[in-house]
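What follows is a single structure, written as structure tokens, with notes after it.
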Amino acid sequence: MSGPARDNPRSISPIFWLLFGAGGMVSALFGPALILITGLLAPTGTGIPESFLSYDHALAFARNPIGKLVLLAVIALFFWHGAERLFLTLKDMKAGPSLVLKLGTYGVAAAVTLATIGLLLAIGF
Amino acid sequence: MNESRPYRRPQPGNWWAKPPYRAYTARELSGVAVAIYGGVLFAGLVSLARGPENWAGYVGFLKSPTSLALHVLLLAAVVYHVITWFQTLPKTMPKLIVNGEAVPAKKITGLATLLAGATSLALVLVVLGVTR
Amino acid sequence: MPDPAKRELRILRYQPGVDAAPAFGTFWVENAENLSVLEALQSIKDTLDGSLAFRWSCRMAVCGSCGMMINGAPKLACSTLLRDLPPGPVTVEPLNNFPIERDLVISVGGFVKKIESIYPYIIPKEPRTIAQGPYLQTPAQLAAYESFSDCINCMLCYAACPQFGENPDFIGPGAMALLQRYNGDSRDAGRQKRLDAIHGEDGVWSCTAVGICSEVCPKSVDPANAVNQNKTNSAFDFFLRFLRKE
Ligand code: SF4
Ligand code: FES
């Protein structure tokens with residue numbers, strides 16, 4: 001028997017898996033609250049004043065360095081989380097060639113991550 | 001005479017849609033809701049960068065019945081994600097040994113789910129308090 | 001009212017070199033209320049068809065030989081009683097996801113190779129002579145791996161694993177349970193060797209945490225825990241290897 005470690009290249013899956021795990025944990029701890037606040041309470045003005053969604057307030061948040069970090073972490077990690085799960089499910093469904101599926105999932109997450117960084121820089125400090 | 005001629009039965013292509021695997025597929029797809037919500041936030045960031053008029057359009061969308069319905073659905077899917085996430089959590093950890101005995105997985109799941117409820121609740125209360 | 005003492009078994013038959021593909025054969029067994037599925041198969045072999053092939057040894061859920069699909073779910077035939085199954089015909093098939101050698105007998109060679117590949121023995125931290133006495137272990141150190149040592153190599157978990165169904169080279173739940181039995185043992189120093197053996201696509205990274213393997217395990221080994229905690233270990237190893245001094 002040949003040694004098991006030979007002819008056994010290391011997978012690069014850990015990179016995607018850790019991003020998936022980080023996104024899964026952040027969304028598990030704060031996801032319901034975020035959706036409730038930005039998607040339901042603020043738009044209907046329930047317990048949260050109108051000014052919460054004002055342009056100036058949102059801009060101030062996105063210009064604050066901590067606000068920037070929060071936005072980047074939430075948007076990028078949430079995309080990486082969904083990308084991993086969608087990729088594996090589409091692979092289970094044999095929905096297409098692996099490369100196409102990877103571009104449509106990990107590729108989108110990578111593009112959104114870069115775009116988010118670009119937008120946060122463009123918005124200024 | 002003795003040579004083996006094994007017969008291979010392929011796995012059905014739709015195994016993921018059939019029990020007991022259906023729940024797993026639903027769990028995975030609930031994670032996609034997390035990314036869709038990420039997309040909603042990303043769209044907001046794009047509108048913000050484009051200026052006040054674009055932002056007003058985005059807020060208009062957030063207030064529309066379509067968006068409210070979407071967020072209710074997303075909330076339901078993400079709550080399902082939270083529950084299943086912590087059901088899977090003990091599988092990814094080494095056995096927790098307390099007083100010489102392994103802590104049951106159900107206990108870890110229960111405590112972690114409670115903690116997640118608390119962190120989400122805390123975030124909502126903080127935002128409600130700060131913006132008052 | 002059908003006679004409860006008689007039970008219909010629909011058994012997937014395959015004779016290599018004769019049958020082009022497996023097909024079901026039907027048998028009726030007498031005195032069914034008191035029989036396990038294994039005993040029903042034995043009575044068929046004794047009285048109805050001596051050519052029926054299946055594996056068994058201990059008849060008490062210890063040897064792990066008698067795994068088969070019973071009504072579509074992977075089960076030990078010796079610990080599955082006919083009277084506990086819903087009324088109507090009982091289907092019996094060889095374990096899913098494995099090549100069929102003959103009737104209910106599957107090929108186990110691939111599984112044995114996987115077990116060999118993970119160093120299934122203690123690699124001692126410090127060699128001790130007999131004069132130095134035994135290796136000591138506290139109850140807590142035993143509890144850290146003990147459940148993984150309960151695996152009987154029945155391969156039910158493999159029959160339940162769709163990722164093994166897709167990729168026969170995937171190391172799979174049972175072999176990972178054995179790996180964790182040694183990696184979790186305080187006397188062992190082979191952790192890194194074993195992590196290196198499973199860091200590829202066919203190692204832990206084929207697993208998508210479906211989790212049904214743990215549900216079908218007759219010994220509550222929780223192989224899904226063995227696989228997924230080693231995904232965590234393998235992921236840390238991926239990044240920390242640069243900090244490790246060899
Ligand atoms: S882990 Fe359980 S199901 Fe898998 S081979 Fe071992 S005893 Fe059988
Ligand atoms: S005959 Fe040994 S486990 Fe069933």
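Across segment C:87-108, the number of residues qualifying as away from ligand 2 (no atom under 15 Å from the Cβ) and modelled with pLDDT of 95 or more comes to 13.
In segment C:106-122, how many residues are touching a residue at least 12 places away in the same chain (Cβ under 8 Å) and either hydroxyl-bearing (S, T, Y) or in contact with an Asp or Glu (Cβ under 6 Å, 6 or more places away or on another chain) (or both)? Qualifying residue count for the region: 4. Regarding C:G203, is this residue open to solvent by less than 20 Å² (accessible area, probe 1.4 Å), at the interface with another protein chain (Cβ under 10 Å from one of its Cβ atoms) and either closer than 21 Å to B:N14 by Cα or away from ligand 1 (no atom under 11 Å from the Cβ) (or both)? For C:G203, the condition - open to solvent by less than 20 Å² (accessible area, probe 1.4 Å), at the interface with another protein chain (Cβ under 10 Å from one of its Cβ atoms) and either closer than 21 Å to B:N14 by Cα or away from ligand 1 (no atom under 11 Å from the Cβ) (or both) - is met.
Of the residues that make up segment A:40-49, is at least one in contact with a Ser or Thr (Cβ under 6 Å, 6 or more places away or on another chain) and part of a helix (DSSP H, G or I)? Within segment A:40-49, not a single residue is in contact with a Ser or Thr (Cβ under 6 Å, 6 or more places away or on another chain) and part of a helix (DSSP H, G or I). Total residues in segment C:211-246 satisfying the condition of being in a loop (DSSP other than H, G, I, E, B) and within 9 Å of another protein chain (Cβ to nearest Cβ): the figure is 3.
Condition test on C:T91, is it open to solvent by less than 20 Å² (accessible area, probe 1.4 Å), of a type outside the set (A, V, I, L, M) and within 22 Å of C:R59 (Cα to Cα)? Break it down into steps so the answer makes sense when it comes.
Numbers: open to solvent by less than 20 Å² (accessible area, probe 1.4 Å): no; of a type outside the set (A, V, I, L, M): yes; within 22 Å of C:R59 (Cα to Cα): yes.
Criteria not met by C:T91.
Taking A:F79, is it open to solvent by 20 Å² or more (accessible area, probe 1.4 Å), in contact with a Gly (Cβ under 9 Å, 6 or more places away or on another chain), facing chain B (nearest Cβ under 8 Å) and touching a residue at least 24 places away in the same chain (Cβ under 8 Å)? For A:F79, the condition - open to solvent by 20 Å² or more (accessible area, probe 1.4 Å), in contact with a Gly (Cβ under 9 Å, 6 or more places away or on another chain), facing chain B (nearest Cβ under 8 Å) and touching a residue at least 24 places away in the same chain (Cβ under 8 Å) - is met. For residues in segment B:28-48 being more than 7 Å from chain A (Cβ to nearest Cβ) and closer than 11 Å to A:L86 by Cα, which is surrounded by the fewest Cβ atoms within 10 Å (Cβ to Cβ)? Only one residue tops the list, namely B:S30. Every condition in (1) within 30 Å of C:A23 (Cα to Cα); (2) within 11 Å of chain A (Cβ to nearest Cβ); (3) open to solvent by 60 Å² or more (accessible area, probe 1.4 Å) is met by B:K63 except one, and the failing one is (1). Here C:D150 clears all of (1) in contact (Cβ under 8 Å) with a residue 24 or more places away in the chain; (2) more than 14 Å from ligand 1 (Cβ to nearest atom); (3) open to solvent by 20 Å² or more (accessible area, probe 1.4 Å) except the condition numbered (2).
The values are calculated or read from the model by the stated rules, or taken from the named source; none is laboratory data. Owing to the predicted nature of the structure, the values given are computational and were not obtained by experimental measurement. Cβ atoms come from the backbone with ideal geometry, glycine included; neighbour counts cover every protein chain shown. Note: areas computed on protein heavy atoms with side chains; ligands, DNA, RNA excluded. Shrake-Rupley method; radii C 1.70, N 1.55, O 1.52, S 1.80 Å.
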